[in-house]
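Structure record follows, encoded as C-alpha cells.
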Amino acid sequence: MPVSLNYIFKRIILSILVVIGVIVFSYILLLYTPGDPAVKWAGNPRGPEARKAIEMARRELGLDQPIHVQIAQFIYHVFTGNLGLSIAYKVPVSQVITSGFTATLELLVFAYLLAVPLGLWLGIYSALRRGSRFDSFIQSLSVVLASMPTFWLGAIIALISYSTTGFLPYGRVSYKLAASTGFNPITGFYLLDALIQGNYAVFLDALLRIIPPALAISVYPIGVVARVSRTLVAEALLEDYVRTAVAWGVRRNTIIKHFVLKSIIPPVIQISGLAFVYSIVDAMVVESLVFGREGLGSILLDSLHKADFRVTIALAIYLTIFYILVNTIVDIIQASIDPRVKI
Amino acid sequence: MPPSLPFIRLVHRNLRKYRFKIGLSITIAILVLSLISQYIAPYPREGLGYVPVGEENRRLLHPSPQHLFGTDTLGRDLFSRVIMASRSAIIQAFSVVFLSLIIGLIVGVLAAYFKGLVELVLNYLTELFMAIPSIVIALFFRLTLEAGFHVVIISLVTTWWAWYARITYVYAKGVVELDYVVLAKLSGLSSAKIIMRHVVGVIIQPILVQAISDLGSALLEASGINFMGLGLPPGYPDWGVILYEGISEMGIMAFTRTPWLVFYPGLFILLTTLGFTLLADPLREDLDPRLRRRWKLWF
Amino acid sequence: MVLAVRAGGISIGYIDEEEEYIVWAVRGVDLAIEEGDAFCLVGESGSGKTTFASAIAGILPPHAVTRGKLYIFDRLAIDESTWNFNGLRGRVVSYIPQNPGTSLSPFLTVEDHFYYVLRDTLRYDREKSRKAAMEALLKVGLDRGVLEDYPHELSGGMQQRVLIAIALASNAKIIVADEPTSAIDANLRASVLQLLGRLNREYRVTLLLVTHDLASTSIVCNRLAVMLAGKIVETGRTISVLRNPQHPYTKMLLDCVPLLGVKKPLKPLPGEPIQVVEDKAICPFRERCPRAIDKCVEEPPLKPVGDEENHYVKCWRLTGVESG
Ligand SMILES: Nc1ncnc2c1ncn2[C@@H]1O[C@H](COP(=O)(O)OP(=O)(O)OP(=O)(O)O)[C@@H](O)[C@H]1O
Ligand SMILES: [Mg+2]
C-alpha cells in the first residue's frame, strides 16, 4: 500500500511529539531517581572542585525554577545541541555525540550499501528460480544467518581474518599510519576523508578495518531484504499486469526489469529502513566490543563506566531522534518514488 | 479456550513438515535442557557463576573430556555455564514475548474496537513506544536500577508490545467492521464477550505465529543487551554475559587465543533462535495464502 | 480458408494448492475459428470463457493443466501438457484483459506500456512507438494527453480503452478480447464494439470476443459459441443461433436479455452457475434443464442443426432421442 502524503505529515507531527516525550522522560528520570539531580548532572564529582561543579550543574539545569520552565529549558538545550561539557571527555557533549554518530554511521552506511543491493539480487534471483537448488540454498542460508547473534558472527569473522591473513581488524584506522601520513579527519567519515585528501594508504587501511564489522552487520539486512524481495517478486509475478504484458509479447527480461522490479522497490526501501534502525543497536554492540572501534557503542560504554550522565542521556535522546528521522525519511522516499502518491 | 483449538489444528496440520519437526526438536531440547541442566551439569556451582577457589591453574583450559567446552577466564567450567544459561535464555525470550503479546493484544484490540478518542490515544502510545530503540530504555534502567532480569525484560517489553499492538490493531480493524461483529453488538452481547469471542478469537492465529518466530528475535536482542553489560550482572549464567566476559575480559585477542570462550555460547544462541524460526516459518506459510500459492517464472 | 485457431478436444483445468484435485474449467472443446472471423464466446460466469481465452493468448497460469491440442495459424501451441507460445504472443495473438484496474502496471506511464510492448514485438524506438501509440489512442477515442498519465490517474473506462489501444498497436492477427466493455459506459460500449467490428472487417483482424452480453454479439460477431460448464453446447452463425436457438440453455439465455429488433417478454435465468470438479460425462445443464430426460446423464454429441451451415448443438433432445 502506498504511503500517503497526509500520513507523512501526521508522521512528522507525531515524531516531534515522540521526541519531546523522550526528552521529558529523560529529564524526569534525572530529577526523580535517587540522588541529587545536580550531582548526577555533574557526574558525581569528587575532590575540591566538586562543590563548584555541582553548583554549575544546578544553574545549568535551572533547578530553582518551576518544573515546566526547567523542562522547556532542557528541551531547548537538546534542540540547540547545548548540553554542556562531557565529564569524561572534557569536550562539549554535542561534539562527543557527533563524532560517535559519524563513526557508527560510516560503518552502517557502508554495510547497507553492501547489503541492500546484494539482498535484492539474491531475493530476485532466487524468486526467478523458485524451487531450484540455488533458491533452497539461499532460503536455508538466510534462516541460519538470521539466527546468528551479530556480535558472535563478528567475532568469528575477526577470528577468520586473523587466522588466515594475520590481520586483526581492530579500531577504525591504524593511528601510527594516520599520524605518519598526516591524516586529518574533517568530516569524521574516515573513508571519505582519506579519499578527499588523496591518502590512499589510510583509505586502504580504513577499508580493511571496516569490511569485517560491516560484513557482520550486513548479514541481517541481507537476509531481510532477500526474503522480502523474494516474496514480493513472487507476488508481482502473479499480478494481472504481468500476465497482460506477457500476452502483449513483452519479453521476459523487460517484464522483470520494468514491470516487476519497479513494483518491489518501494516496499524494499521501507523494509531496509526498518532494518537500518534495528541495525544501529547491532552496530553499536559489534563495533565497540568486538572490533574496538570508536563510535556510539564505545561512547555509551564509556559514559556508563565513568558516570558521564549527560552523555548517556544525550545519547539516548539523540539516538531516538535519529531513529525517528530515519523512519520518516524512508517514508518520504518511498512516497516520492511511488507514482500513486502525489507530491 | 476457543482460540486455542484452531491453533492446535494448525500445529497438527504442520507436524509432518520436515522443517517444523527440526524446529520442534530443537525447541523441546532447549526447554528440557533448561529444566534439567542444573542436575546434569558437571560443575553446577560454577555454572551459577561461583569461582572455584584454590584452583588457579584451571583458568582458560582448552576443551577436554573433563571440561567439554574448556574453562573461562576465572577457571569455571564453560560447559556447565553454557548449558545452565539455557534457563536464562528461555525465561527472557518467553517472558518478553508473552508480556508484549498480552499488552499488545489488549491495546490493539481496544483501539480497534472503541473508536474515537480511545483509538487515537492508544495509537499515539503505540507509535510513541515503537519509535524508541530498546537500548535507550535499557540505558535508562541501567541508570536507575540494579542489574537483573527485570532490566532486560522491561526494556524489551517497553518497545516490543507496540509491534503487537500494531499488528493486532490492523487485523482487528479488519474484523470489527465485519457483519457478524456488528450484529453481535446490535444483539446486545457485552463488549467483553464480543471482543474475546469474535475479535480475539478470529485474529489470534497469525499473531501467535508471529510471537513464536519473535521468540528468536527476543533472545537475540536480549543477548545483545546482556553482551553490552546493560542487563544481567557479571557471572550470571547467560549466553550474552558469558560472551561478554569472554570477549571483554580477554580483550580483542580472546577469540584468537581462546576461541571456545566465544564459540559455544554463540552456538547455543544460534541453535535456539533457529529452533524458534523453523517452528514458526511453516505455520506462517500455512496461514498466509500469498506464501502458499504456487508461482514460478512461467513465461 | 485458413484457420486462425483450431482447438482439438482441448481441456483446461486448475490444480488446487495441495495438488489433490483438478477443477476442469474447459472440458473437451472442439472449435475452429477462421481467419477474419469475428467469433463470440458467450456463457455464464464461471463457464470457462476466460480460461479458454487465456489459453489462446498464451497466458495460462503455471498451475493450469491441459489436454488436447491447440493450433494457432497451424502452429501447435498446446500439445497435450506442453505449451509453446514463443513468437505468438503479441505478434500473432494479442489480448485485451478483463480487469482494467489491475491490468496496467501502476508504476509505468501509458507511454511506457506502449513503448515496452512495441519495442519487444516490433522493435520500435521511443519516437516510433509514441507515434504508433497516438494513432492507436485516437482509434479508441482518447487523446494523446493520456500518454504521460499513470494508470491510477485514468478512469476505469479510460483504462479499458488504453488496454484496447495497446492490444491493437502491435498489429496482431488475432485479438482475444475478454469482456472488453465491462467497465465502460453504455454509450462508449457501442463505439468500442463498433471499433472492434471495424478492425475485423477492414483489417481482417480475427476477433475472439468473450462476453456474457448477448446484445453485443449481434453487433460485432458473425459466429457465436455458447459455453456452459466448460463445454460448447451450441455454435453457429450468429444470426442462425440468435434467430433459431436449439439448445434449452441458449433459449433460456435469450429469454433473459433484450435483443435489438426482437419483441419478447424477459425471464430470469433459473438455477445457479455450475462448477465442475470431477470430469464426468453428463450433460452439464441437466439439473437446470426444463426438458431434461433420463438420457441426459450421458453426454450428448455435437450434432449439426437442420441444414443451417455450421450450426451445431449438443443436446439429446435434438438428436432424435425423444422422451424416455
Ligand atoms: N487462476 C485460477 N485458479 C484456479 N481456478 C480458476 C482460476 N481461474 C479460473 N478458475 C476456475 O475456473 C472456472 C472457470 O473460470 P473462468 O474465469 O474461465 O470463467 P469465466 O467464464 O471467465 O467467468 P466470468 O464471466 O465470471 O469472467 C471457475 O470455476 C473458476 O473457479
Ligand atoms: Mg472471465
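Looking only at helices (runs of 4 or more DSSP H) that fall completely inside the stretch B:1-113, which ones have 1 or more residues that are of a type in the set (Val, Ile, Thr)?
Those helices (runs of 4 or more DSSP H) span B:4-14, B:18-40, B:78-113.
Please verify whether C:Ala7 is away from ligand 1 (no atom under 13 Å from the Cβ), under 16 Å from C:Leu207 (Cα atoms) and not in a loop (DSSP other than H, G, I, E, B), treating the condition exactly as stated.
When the stated conditions are applied, C:Ala7 passes them.
Considering only the stretch A:115-131, I want to know if a residue exists there that is surrounded by fewer than 17 Cβ atoms within 10 Å (Cβ to Cβ), out of contact with any Lys or Arg (no Cβ under 6 Å at 6 or more places or on another chain) and of a type in the set (A, V, I, L, M).
Yes, the conditions are met somewhere in the stretch A:115-131.
Filter the stretch C:100-148 down to residues that are within 20 Å of C:Ile174 (Cα to Cα) and open to solvent by 50 Å² or more (accessible area, probe 1.4 Å) and give me whichever is nearest to ligand 2 (Cβ to nearest atom).
C:Lys139
Return the only residue of A:Leu168, A:Leu177 being farther than 30 Å from A:Ala275 by Cα and either open to solvent by less than 60 Å² (accessible area, probe 1.4 Å) or assigned to a loop (DSSP other than H, G, I, E, B) (or both).
Result of the check over A:Leu168, A:Leu177: A:Leu177.
Let me spell it out: the conditions are (1) within 11 Å of chain A (Cβ to nearest Cβ); (2) within 16 Å of ligand 1 (Cβ to nearest atom); (3) open to solvent by 10 Å² or more (accessible area, probe 1.4 Å), and C:Ser182 meets all of them except one. Which number is the exception?
The failed condition is (1).
Just checking, which of C:Ile72, C:Ile59, C:Ile78, C:Ile96 is within 16 Å of ligand 2 (Cβ to nearest atom) and either touching a residue at least 60 places away in the same chain (Cβ under 8 Å) or among the polar types (S, T, N, Q) (or both)?
Within the list C:Ile72, C:Ile59, C:Ile78, C:Ile96, the selection yields C:Ile96.
Listed residues C:Ser81, C:Ser47; which is modelled with pLDDT under 90, under 14 Å from the mean Cα position of the chain (by Cα) and not basic (Lys, Arg)?
Answer to the selection: C:Ser47.
Here is a check on your reading of the model: is C:Pro300 at pLDDT 80 or above and either of a type in the set (Phe, Trp, Tyr) or touching a helix residue (DSSP H, G or I) at 6+ places or on another chain (Cβ under 8 Å) (or both)?
yes
Conditions tested, residue by residue: (1) under 26 Å from C:Val26 (Cβ atoms); (2) of a type outside the set (Phe, Trp, Tyr); (3) within 16 Å of ligand 2 (Cβ to nearest atom); (4) buried (at least 23 other Cβ atoms within 10 Å of the Cβ).
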{"position": "C:Asn187", "(1), (2), (3), (4)": "no, yes, no, no"}
{"position": "C:Gln194", "(1), (2), (3), (4)": "no, yes, no, no"}
{"position": "C:Thr206", "(1), (2), (3), (4)": "yes, yes, no, yes"}
{"position": "C:His212", "(1), (2), (3), (4)": "yes, yes, yes, no"}
{"position": "C:Ala215", "(1), (2), (3), (4)": "yes, yes, no, no"}
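Would you please name the residue that is farthest from ligand 1 (Cβ to nearest atom), looking only at residues in the stretch C:32-67 that are open to solvent by 30 Å² or more (accessible area, probe 1.4 Å) and of a type in the set (Gly, Ala, Ser)?
Going through the qualifying residues, I end up with C:Ala32.
For the stretch C:164-176, check the following and say yes or no: at least one residue is within 16 Å of ligand 1 (Cβ to nearest atom) and open to solvent by 10 Å² or more (accessible area, probe 1.4 Å).
No, there is no match, as no residue in the stretch C:164-176 is within 16 Å of ligand 1 (Cβ to nearest atom) and open to solvent by 10 Å² or more (accessible area, probe 1.4 Å).
Tell me, please, whether a residue that is within 15 Å of ligand 1 (Cβ to nearest atom), farther than 30 Å from C:Met158 by Cβ, assigned to a loop (DSSP other than H, G, I, E, B) and at the interface with chain A (Cβ under 10 Å from one of its Cβ atoms) can be found in the stretch C:18-30.
no
Answer with yes or no whether B:Arg45 is free of Cβ contacts under 8 Å to residues at least 24 places away in the same chain, in contact with a helix residue (DSSP H, G or I) (Cβ under 9 Å, 6 or more places away or on another chain), basic (Lys, Arg) and more than 17 Å from B:Arg257 (Cβ to Cβ).
For B:Arg45, the condition - free of Cβ contacts under 8 Å to residues at least 24 places away in the same chain, in contact with a helix residue (DSSP H, G or I) (Cβ under 9 Å, 6 or more places away or on another chain), basic (Lys, Arg) and more than 17 Å from B:Arg257 (Cβ to Cβ) - is met.
Taking the stretch A:274-294 as the search range and keeping residues that are at the interface with chain B (Cβ under 9 Å from one of its Cβ atoms) and surrounded by fewer than 21 Cβ atoms within 10 Å (Cβ to Cβ), which one is nearest to the chain's Cα centre (by Cα)?
A:Val277
For the stretch C:149-163, which residues satisfy the criterion of being farther than 21 Å from C:Leu199 by Cβ and either open to solvent by 20 Å² or more (accessible area, probe 1.4 Å) or part of a helix (DSSP H, G or I) (or both)?
Scanning the stretch C:149-163 gives C:Asp149, C:Tyr150, C:Pro151, C:His152, C:Glu153, C:Ser155, C:Gly156.
The values are calculated or read from the model by the stated rules, or taken from the named source; none is laboratory data. Model, not experiment: these values are computed from the prediction. Here Cβ is always computed from backbone atoms with ideal geometry, including for glycine, and neighbour counts include all displayed protein chains. Note: accessible area is taken over every heavy atom of the protein model, side chains too, but ligands, DNA and RNA are not part of it. Shrake-Rupley method; radii C 1.70, N 1.55, O 1.52, S 1.80 Å.
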